[in-house]
1. Expressed as a whole number of Å, what is the distance separating the alpha-carbon centroids of segment A:1-68 and segment D:7-35?
2. So how tilted is helix D:202-211 from the main axis of chain D? Cα-based, degrees 0 to 90, rounded to 10.
3. Over segment A:4-296, calculate the relative contact order: mean separation of alpha carbon pairs under 8 Å at least 6 apart, over the residue count, as a percent.
4. How far, in nm to one decimal, is B:Glu285 from itself in the other copies if the label point is set 7 angstrom along Cα toward Cβ? Shortest first, please.
5. Quick check: Cα centre of segment D:147-181 to Cα centre of segment D:339-382, how many Å?
6. Over segment A:1-159, what is the mean sequence separation of C-alpha contacts under 8 Å (at least six apart), divided by residue count, expressed as relative contact order in percent?
7. Averaged over peptide A:258-266, how many Cβ atoms belonging to another chain are found within 10 Å of each residue's Cβ?
8. Applying the Karplus parametrisation 6.51 cos²θ - 1.76 cosθ + 1.60 with θ = phi - 60° to the phi angles of segment C:78-94, what ³J(HN,Hα) value in whole Hz is obtained for each residue in order, glycine and proline being reported as x?
Protein chains: 4
Amino acid sequence: MPKTMYKLDLSKPMEEQIHPGHNRWHPDIPAAFSVDPGTAFRMECQDWTDGQIKNNDNPNDIRDVNLARVHVLSGPVYVNGVEPGDLLVVDILDIGTFQEYEWGFNGIFAKENGGSFLTDHYPEAAKSIWDFEGIYTTSRHVPGVKFAGLIHPGLIGVAPSLELLQKWNQRENELKMSDPDRVPPLANTPNPEAAVLGTLKGAEFDRVAKEGARTVPPRENGGNCDIKNLSKGSKIYFPVFVKGAKLSVGDLHFSQGDGEITFCGGIEMAGWIDLKVDVIKGGMEKYKIQENPVFKPGPVDPLYSDFLVFEGISVDDKDGKQHYLDANIAYKRACLNAIEYLKTLGYTGEQAYMLLSTAPVEGRINGIVDIPNACCTVAIPTQIFDKDIMPK
Amino acid sequence: MPKTMYKLDLSKPMEEQIHPGHNRWHPDIPAAFSVDPGTAFRMECQDWTDGQIKNNDNPNDIRDVNLARVHVLSGPVYVNGVEPGDLLVVDILDIGTFQEYEWGFNGIFAKENGGSFLTDHYPEAAKSIWDFEGIYTTSRHVPGVKFAGLIHPGLIGVAPSLELLQKWNQRENELKMSDPDRVPPLANTPNPEAAVLGTLKGAEFDRVAKEGARTVPPRENGGNCDIKNLSKGSKIYFPVFVKGAKLSVGDLHFSQGDGEITFCGGIEMAGWIDLKVDVIKGGMEKYKIQENPVFKPGPVDPLYSDFLVFEGISVDDKDGKQHYLDANIAYKRACLNAIEYLKTLGYTGEQAYMLLSTAPVEGRINGIVDIPNACCTVAIPTQIFDKDIMPK
Amino acid sequence: MPKTMYKLDLSKPMEEQIHPGHNRWHPDIPAAFSVDPGTAFRMECQDWTDGQIKNNDNPNDIRDVNLARVHVLSGPVYVNGVEPGDLLVVDILDIGTFQEYEWGFNGIFAKENGGSFLTDHYPEAAKSIWDFEGIYTTSRHVPGVKFAGLIHPGLIGVAPSLELLQKWNQRENELKMSDPDRVPPLANTPNPEAAVLGTLKGAEFDRVAKEGARTVPPRENGGNCDIKNLSKGSKIYFPVFVKGAKLSVGDLHFSQGDGEITFCGGIEMAGWIDLKVDVIKGGMEKYKIQENPVFKPGPVDPLYSDFLVFEGISVDDKDGKQHYLDANIAYKRACLNAIEYLKTLGYTGEQAYMLLSTAPVEGRINGIVDIPNACCTVAIPTQIFDKDIMPK
Amino acid sequence: MPKTMYKLDLSKPMEEQIHPGHNRWHPDIPAAFSVDPGTAFRMECQDWTDGQIKNNDNPNDIRDVNLARVHVLSGPVYVNGVEPGDLLVVDILDIGTFQEYEWGFNGIFAKENGGSFLTDHYPEAAKSIWDFEGIYTTSRHVPGVKFAGLIHPGLIGVAPSLELLQKWNQRENELKMSDPDRVPPLANTPNPEAAVLGTLKGAEFDRVAKEGARTVPPRENGGNCDIKNLSKGSKIYFPVFVKGAKLSVGDLHFSQGDGEITFCGGIEMAGWIDLKVDVIKGGMEKYKIQENPVFKPGPVDPLYSDFLVFEGISVDDKDGKQHYLDANIAYKRACLNAIEYLKTLGYTGEQAYMLLSTAPVEGRINGIVDIPNACCTVAIPTQIFDKDIMPK
């Protein structure tokens, strides 16, 4: 087990930790520690909300969550000798839970506070608690299913350069300003409220809090990709934008369905992650890995081989309007079709929705050129149910 | 081997066949034959262009393809006793090639004639021929790769009711009219040119040709879903809209990557398919399978376990503009990232593009709620290459 | 589809075919045809008994089978330029059935005529007929199961040199002579009865018939290995003992469980196989592939991921006698344990036995050093049953 | 994480622990603790030798190991309400290593002290140390390979009844006495030397030490089965022979090849295991699970899909003698063939041998009826090597 380089006290908020962590992206957030290439180390992580959600049956904490607080990240890690233009190679050696924290949560955010992929259909907040038992999880709120975790960091990324940060802020602000009164806004631009910025203090804190990009979207630096297959044993190649790369990680998921459609999210948990870092000098140009990270999944994903698959096309389900090759609408329809089917098995719509966001369901773009309909599918592993779910 | 109920002479165009087939969707296209539930049967299929593309190195046939001709389908099959409201259960028992036709084609359509997913980057027509050798395929136009086929019908579906057909025509016409001068149009509405409509003749032919929906998009009836995992051994549950269901099939692919991104398409081929049909009476309401088919993939998909995965986000690669959770752009970026990487291995952009459209690559919607960036990935099986493709 | 180089008329016995085939191993059996390295070709094969077993419910043909007749093989194929010391590389491109012959058989041989792995428990002849429907098979004699074929040649091998043949005959005769009165004999030494030897005639026929090794055991040349994973897409590396290698093939199985425990055997069928041959000059010494073939399985084996596994140890089930690390007894116990369990599901012992010999069950040597008990297991895929078979 | 019910101090021998554990099977060894059905709990385990093997490059500790000491087990656990005739259902929830003990060992035992499967070929002691890095392991003594652990208990079992124990002792003694002077003996009968028997003391200790069966062989109670697929997420059904079942566990392996052919063994380690117990009342008769446990493997085994497979037949490699359907010899030949091949890649014979015993290689009984040769195979995953190992 590698040395724990980043230790947390889960009873305290992120800014009161020995290593305070951060919840914004900015090149000037000080590194929490540094390591040499070739080093393995352990980092502990809070859940992405910094402990706002409790293990009970009341969804009000989901409804009232302070989203200015997310995602509390562990890091940054400064990797010695790594420079812009290099590739930072990160091995996810292992991930686990804490003895005192053997559960996670999933929630549907309320339309007024966060929303979700199907927020027009499911505008109210809901919550499900998932208990872990070794490699498996079950939920008292979604009975009749049990599955092996596909444990992964929802968020892992390197720091942007100042130039890249400015590009982000500009393009996202332009999007937001294209519909400035929208609730929720089209993008979350920098917001000093509830910012945590490592050991920064005073004027430097204020500057960085005002400039720092929110952690919600995935971007060129990786970040909140929410890729369920980035699990144990994966190897990631990150483009490097600042000296030392400044790697951060958080938002651990015990499991997640493709799309993370309830937004909150997968099975969210606190836990630890063992990483190993290395470098490919000059790799960004050599391999043209410049716009986004590239990765190789690990070999221990749960092996489910039997799926029931739901299709969707890019016709709006509410008004029947035809959209042009729109994969979002097609995936939405596939998910809605799956939910309607799961309801015939006795689930509520909310239960089915949370199941799609937590179980290892596969979300695919199948056809994206057959004008005017995209075809997307969501594939549910049948072996996670305690009964036969096939049509008869 | 079940009885061949639908036999073709590949040297003749579809309207000159004993069973002429069809290339439009309409409830009044006469059934080619009828079977009882529980019956297995073989149908032969032309390639989707009705033989327009030749096994040579000249892409002009791709460039000049007559798209009014596609997709030539085999059928419809009338299933006795099946009625609207039922589910038609279709087993894909097996699929194969003809001894005289052991090759397939992939092409990038020209921007002026069909276009493709990355048409702004690759506007010129290109073609690759793929030779089959048992379960494997290789291409003289894309050297260094060999993979097992994931053979499937790109298109399988049932006839729409007249009401459903009218709904399709209306919604697609509205989309088309929202930008009436666009080239290519946003949707392909009914077009009598080059229509093939089974044994219909005279005024009835003219009426149906004028009303019949094009086969390009997938819709509520299934149709051109281009789902690579709908391969041998799959079982599909179709909602039924007309008496006898009227099942048709075509557009066989020896293999395809998720998205079928070059539009032409997978590895397109002529061949045969063995189907078995059955019925679940009243199943549409009972299982709420009403909007789209549902299916269970077969157990013999090629087993690749080692992937290199490319991520993309919903920022336009040309102008850097931020889009709102747009999975299409995210998948486009993932594909472009993959192509840039493959170019460092020595492939041309066109070769890499055709590889992504033919090899069993996985296209995923990973995160679809992390405002404002969707995250999509394309995963390439490393075992199909004859050398190590990992970064070093 | 490669050219059919070896065509059969299934209504005729092997010696009356245009290419008569053979059922003994001998270097002097003339090649049926020759090919260059790099060539793909199709060969047709009789079932291993030369058509003795019929598609009916009467097991008397199993009971009375003439085992002097087995295995009728297609070939030999002379590969130009291949010499002793080389490796013959054989790709199994594809395997299939004939339209007129869409079924196979499994049987338990009677103790007096062939016997089987559990012959002391199941001494009577039994038969099950398996119908093929595309990639799947079912049996009216073993209800409640359906599985995808793992189609493979039970027997594929190259000709021995005269020296190697003499070594075989000597060592097998010594074994047989160690208990000369045993019924059945410990080994089947050369026997001219019912020999088929290609185009040989007269004195040469008589000589070769007297010397030729029986095809039953696997040996240095490959031969009757009955390896279920040697299926479509596999690549085999054979040591070469004679000029031209002289490759022969037969005993096609639609499916088989590890061990082929009923002896007759897997799901035995007639069919065709597409092969491609190549050579690694001097490969026997370079890779030390001298004693037995080496192979790489294909990527399209049916994907079953859920198994129920039965253990066995090397204690005789009849008298409770302890044997020393005996994997045969351990596997026997594992199989008997599985059969007893399957009987609680309603199967007869014979049905369960034939199921283990036909379905893709995995037979493993788990522990072979824990004095004095070996541990072997047999793993049954649960997804092949139409009901839940787990203990409750 | 379940409560740790069995805690060890790895610096102390087993008899000095708070819960002393045991290294013999006997119904009268007192339970270390009791739990109700439905309970999950953690147990810590010493490595099987009780810490005799050290993390260094000197194999003398392997050569001189005191085998009277093995296997030190944690337990027994008394499960309340469980009685003879029931099935004890054990879920292996999770398994892991200790922070201070992130390595394991493999060894070839010397012929004079333990021996191994290929002891005639490799009579000298050898040792390899394997370092763990998250899910992966590598060895400075076997370079060029890296693989994911298939972590499992080599030994898990329930207590025998007194009658069953007597049956074991009798049958094993009879075997031993059939060749009383053999070195090593054919079986290890009860031996009071180095016995550890939980909290037993005085005359009771002496009696049980004299009667208790050695833990080396697997038997009706499970025990030392060394089944590599009994890994995380597995569910085992044990027949119950005594009140409370008295479950014990130990001999944890980070990984193992089928057969555990070097005898010492897999990658041997200390660690912890999380178990959950339940009961099926009267299940032994209902499901006829009476002779050996039955299990369902977990879904997170490492997914390797590309193998190179070596065959072996039952002809002795030393004297060329033909044996009758002997799976042991066939597997031995398969392993020897694999080792000869691996030597052409630059490994020593000892390295190759230890690789086969540690990596997740598959050992199969392929054909067990083809008189007189059994065919066994050993399949090596090619993806564990850092270079291409295929013949060229």
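Coordinate-derived values only; no laboratory data. Owing to the predicted nature of the structure, the values given are computational and were not obtained by experimental measurement. Neighbour counts run over all protein chains shown; Cβ positions are idealised from the backbone, glycine included.
1. A separation of 40 Å, based on Cα centres.
2. The two axes meet at around 40 degrees.
3. So the answer I get is 34 percent.
4. 4.9, 6.9, 8.1
5. Between the Cα centre of segment D:147-181 and that of segment D:339-382, the gap is 26 Å.
6. It comes to 21 percent, rounded to a whole number.
7. For this peptide, the per-residue mean of nearby foreign Cβ atoms is 4.
8. 8, 9, 4, x, 8, 9, x, x, 7, 9, 8, 9, 10, 9, 8, 6, 6
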